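The values are calculated or read from the model by the stated rules, or taken from the named source; none is laboratory data. Not measured: the values here are computed from a predicted model. Neighbour counts are summed over all protein chains in view; Cβ atoms, including those assigned to glycine, are modelled from backbone coordinates with ideal geometry. Please note that ligands, DNA and RNA were not included when accessible areas were found on the heavy atoms of the full protein model with its side chains. Shrake-Rupley method; radii C 1.70, N 1.55, O 1.52, S 1.80 Å.
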Amino acid sequence: MFMFMELAILNNEVLYIGQVQKEWLSRCPLYLTGISAGFPLPSEEVYESSLDLHQLMVKNGEATFLLKVQSYAMDGAGIFCEDLVVVDRSIPVQNGHIVIVFINNAFIIRRFIKRGRKILLQSDNNQYASIEIEDEDDFEIWGIVTFVIHKP
Amino acid sequence: MNRETYIGLIDCNNFFVSCECVFDPKLRGRPVGILSNNDGCFIARSDELKALGVAMGAPYFQVKNIVDKHQVIVRSANFSLYSDMSRRVMSILKKAFPRVEIYSIDEAFIHFNALSREEIFEESKAIREKLYKWLGIPVSVGVAKTKTLSKVACRVVKKNKELRSVYLLDNQDDIESVLKGCKAGDIWGIGRQRAKFLESRGIETAYEFLNLDEGWVKQNLSINGLRTLLELKGVSCLELEDVAKNNKSILRSRSFSRPLTDMEDVAQAIAYHVSCVGEALREQNSVTFSIGVFIRTNMHSLGPQYHESVVEYFVEATDYTPDLLAAARAGLEKIFKLGYRYHKAGVFCDHIVPKKGSQLDLFKAQENLVQKDKRMEIMDEITAKYGNKSLFYASIGSNNIWQSKRQRVSPGYTTNWCELKGVR
C-alpha cells in the first residue's frame with residue numbers, strides 16, 4: 001500500500017500533517033484552499049457562477065452605453081426621471097423601438113414610429129408633444145434603449 | 001496565397017476629438033482642439049482646426065488669437081473617456097479579425113479573414129461602417145502587403161476624401177507614384193535622424209529612398225533601415241505582434257498647475273508619480289533596478305533656471321512602492337535646491353526586467369517578499385475598484401497642490417456613475 005504525506009497550509013502555517021492511502025487521495029478533489037478543520041469548503045467544484053446583471057442587460061458590451069433620463073417624456077413606458085437606460089448602438093432601429101435621438105443640439109429619449117415616409121418621435125406622456133421629422137438629415141438615432149434601471 | 005498576404009492598418013480619425021463628438025455631436029464640423037495635461041498644448045485637432053493652421057503640439061497661448069477669432073472649441077484631455085473608447089475599438093477588432101496588433105491608443109494592424117483582394121476591400125469597408133455605427137468613431141483603413149506600406153496607404157486615405165476612407169495599395173505603379181509624393185522622413189521607421197542623414201545625401205522623397213542600393217542602406221541605416229526598404233518593396237519583414245510589448249522603461253511626469261517652491265510640495269508630486277510607476281511595474285509583471293527623479297523650472301519664464309536629475313539604484317530589483325518611494329525621496333533630497341520656482345517633476349525607471357527572471361536571493365527574506373507582494377496586490381485591487389483617490393500613500397498628501405489644471409474637461413460619460421450623459 002502506498003502512503004502519501006499531506007500538508008495543509010494556511011497563512012504560512014502548517015496546520016495538518018498526516019498520511020493517507022492512495023485510493024482515498026485519488027477520490028478526493030485536490031483543494032487548493034487551506035483546510036482548518038472538519039468538512040472542507042467545496043469551492044473548487046464546478047458549479048454555475050452567480051447571476052451577473054451585466055450578462056442579462058448587456059448583449060453587446062462594446063456598443064453599449066449607459067445614459068441618465070432627465071425628463072418625464074417616457075413615463076408611460078415606465079421610464080422615469082433619474083432612471084438609467086442601457087443603450088445599444090449596434091441594433092438596427094425598428095418601428096416602436098425606444099430610441100435615443102440627437103436632434104436640435106440635444107439628446108432626447110422617445111419612441112420611434114415610422115409611418116410611410118414620415119418619422120414620428122413619440123413621447124409616452126400626454127404632456128409632451130410628439131416630434132414629426134420631415135428631413136432625415138435633421139436628426140440622428142444615437143442608440144436603442146434595451147433596458148431601464150429604476151430605483152423604486 | 002496565404003492569409004499573411006495583406007495587412008490592414010485601422011487608424012481612428014482625430015481620435016480624441018471623435019470621442020468628444022460621440023457624446024457631443026454638435027462639435028462635428030467645428031474647429032475643435034484637445035489640450036494636453038495641464039492645458040498646455042494641442043494634442044488633437046479636428047480637420048476644421050487643422051485647416052486653420054493650428055499645428056500638432058502648438059502651445060495654447062501661441063494660437064490664442066486664432067482660437068478667439070474662429071470660436072475654436074477647446075477641451076482638456078479626458079483620458080478616461082479616450083481609453084475606454086479605445087478599449088471598445090480594439091475589442092471589436094479582436095472579435096472581427098484573426099490577428100490584431102494594438103499599435104497605439106488609436107491604431108491597430110490586422111490580418112483579414114478573407115483571401116481575395118475584393119473580399120478584403122469589402123471587409124475593410126464593413127469594419128469601418130461597424131466602428132462608426134457601434135461607437136461613432138470614424139476610422140481610415142490602409143491595406144497593403146506590408147506594415148510599412150499599410151501605413152503609407154493610410155496616409156494617402158487621410159489626404160484624399162474621395163477614397164472614402166479605405167485604400168488598398170498593392171499595385172506597383174500606384175506604390176511608386178505615392179512614394180514620389182512622400183518625403184522619406186514621412187515613412188514609418190525612418191526617424192528624424194535618418195531623414196536628416198538621407199537628406200544630406202540628396203535623398204528627399206520616399207521614392208528616391210526606394211531606389212537605393214540595399215547594401216548601402218544596410219551599411220548606413222542599419223538592419224532596421226534595410227527592413228524599411230524591403231517593406232516598401234512589398235517584402236514583409238515586420239510581423240504582427242499580438243501581445244503588447246512590455247515597456248523597457250517607464251516615465252511619469254507632469255507640470256504643476258502653478259510654480260512650487262517648497263520641497264514638501266514637490267515631494268508630494270514625486271510620490272504620486274512613484275505610485276503610478278509602481279502600479280505600471282506590477283501590471284506588466286516587471287521589477288526595476290533603479291528609479292530616477294528629475295525636477296525643473298519653467299524654461300519659458302523669466303527668473304533663475306535650474307534642472308537636475310538623479311538615479312537611485314536597488315540591490316535587488318523591486319516593484320514595491322514603499323521601497324520606490326523611499327529611494328525617490330532620497331533622490332529628491334539630493335537634487336532639490338531652495339530658491340527656484342519649480343514647474344515640472346517626474347520619475348523614471350530605465351533598468352526594468354521581468355519579475356520572474358530577476359535575480360532573487362532565495363534564502364534571504366523570501367517571506368518578506370511574499371508579504372510585500374500581497375500588500376501591493378491588495379492596494380492595486382482597492383484602487384482599481386474605488387479609484388486612485390480611495391487609498392494612497394501618505395507621502396502623496398491630499399491637498400493636491402501640484403495637480404494639473406483641466407479646466408475644460410468633458411464628463412466621464414463611460415467611466416463615472418455620476419457623470420453619465422443626460423437625455424430629456
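Going residue by residue through the stretch A:90-101, is there one that turns out to be open to solvent by 60 Å² or more (accessible area, probe 1.4 Å), within 23 Å of A:His150 (Cα to Cα), facing another protein chain (nearest Cβ under 9 Å) and at pLDDT 95 or above? Let's see the steps before the verdict.
Start the filter on the stretch A:90-101 by keeping residues that are open to solvent by 60 Å² or more (accessible area, probe 1.4 Å), which leaves A:92, A:94-95.
Subsequent filtering for residues that are within 23 Å of A:His150 (Cα to Cα) retains none.
For the stretch A:90-101, residues open to solvent by 60 Å² or more (accessible area, probe 1.4 Å), within 23 Å of A:His150 (Cα to Cα), facing another protein chain (nearest Cβ under 9 Å) and at pLDDT 95 or above: absent.
Yes/no per residue for (1) hydroxyl-bearing (Ser, Thr, Tyr); (2) crowded, with 17+ Cβ neighbours inside 10 Å:
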residue: B:Glu199; (1), (2): no, no
residue: B:Tyr207; (1), (2): yes, yes
residue: B:Leu210; (1), (2): no, yes
residue: B:Arg258; (1), (2): no, no
residue: B:Val277; (1), (2): no, yes
residue: B:Glu283; (1), (2): no, no
residue: B:Ile291; (1), (2): no, yes
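Scanning the stretch B:10-35 for residues that are in contact (Cβ under 8 Å) with a residue 40 or more places away in the chain, assigned to a loop (DSSP other than H, G, I, E, B) and surrounded by 19 or more Cβ atoms within 10 Å (Cβ to Cβ) returns B:Asp24, B:Pro31.
Quick test for you: out of B:Lys374, B:Lys344, B:Lys389, pick the one residue that is closer than 30 Å to B:Met299 by Cα, out of contact with any Asp or Glu (no Cβ under 7 Å at 6 or more places or on another chain) and either at pLDDT 80 or above or in a loop (DSSP other than H, G, I, E, B) (or both). Give the derivation first.
Working: B:Lys374 fails: closer than 30 Å to B:Met299 by Cα; B:Lys389 fails: closer than 30 Å to B:Met299 by Cα.
On inspection, the qualifying residue turns out to be B:Lys344.
Candidates in the stretch A:105-136 are the residues that are at the interface with another protein chain (Cβ under 10 Å from one of its Cβ atoms) and without any contact (Cβ under 8 Å) to a residue 24 or more places away in the chain; of these, the one that is farthest from the chain's Cα centre (by Cα) is A:Asn105. Is it true that B:Leu149 is open to solvent by less than 10 Å² (accessible area, probe 1.4 Å) and within 14 Å of chain A (Cβ to nearest Cβ)? When the stated conditions are applied, B:Leu149 does not pass them. Would you be able to say whether some residue in the stretch A:80-88 is under 27 Å from B:Lys26 (Cβ atoms) and out of contact with any strand residue (DSSP E or B) (no Cβ under 8 Å at 6 or more places or on another chain)? Looking for residues that are under 27 Å from B:Lys26 (Cβ atoms) and out of contact with any strand residue (DSSP E or B) (no Cβ under 8 Å at 6 or more places or on another chain), one finds none in the stretch A:80-88, hence no.
Considering only residues in the stretch B:82-124 that are among the polar types (S, T, N, Q) and closer than 16 Å to B:Phe16 by Cα, the one that is modelled with the highest pLDDT turns out to be B:Ser86. For the stretch B:126-146, the criterion of being part of a loop (DSSP other than H, G, I, E, B), at pLDDT 95 or above, aliphatic (A, V, I, L, M) and under 24 Å from the mean Cα position of the chain (by Cα) is satisfied by at least one residue.
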